[in-house]
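Read the structure below first, then the notes.
Here, each number is a calculation from the coordinates, and none is a lab measurement. Owing to the predicted nature of the structure, the values given are computational and were not obtained by experimental measurement. We place every Cβ from the backbone using ideal geometry, glycine too, and count neighbours over all the protein chains shown.
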């Protein structure tokens, strides 16, 4: 599983980072960043929670 960020939609509120701080961070530019290339199987549920938490729908899960 991979997750990407649509930078055009991201508003940088940090809900993804709050839900899964080992997978997401808000960078110095105020935009969400995915910290890993591939989401480990053990973290996929957390990643799904972060995707669902994004009010801007800027996170896209690729399976």
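Structure summary
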| quantity | calculated |
| --- | --- |
| Cα-based helix-to-principal-axis angle, 44-53 vs the chain, degrees rounded to 10 | 30 degrees |
| Hydrodynamic radius (Kirkwood) for region 2-62, which is based on Cα pairs only, to one decimal in Å | 11.0 Å |
| Per-residue [θ]222 nm for the chain (sum of -39500 (n - 2.57) over DSSP H runs n ≥ 4, rounded to 500) | -6000 deg cm²/dmol |
| Candidates 36, 26, 51: whichever shows maximal mean-square fluctuation once the chain is modelled as a Gaussian network with Cα springs under 10 Å | 36 |
| Residue 8 paired with residue 37, simple spin-label distance in nm, labels 7 Å along Cα-to-beta-carbon | 2.7 nm |
| Most mobile listed residue (48, 22, 37) in the chain, GNM with C-alpha springs under 10 Å | 37 |
| Efficiency of FRET from Cβ geometry, residue 28 and residue 63, R₀ 30 Å, rounded to 0.05 | 0.50 |
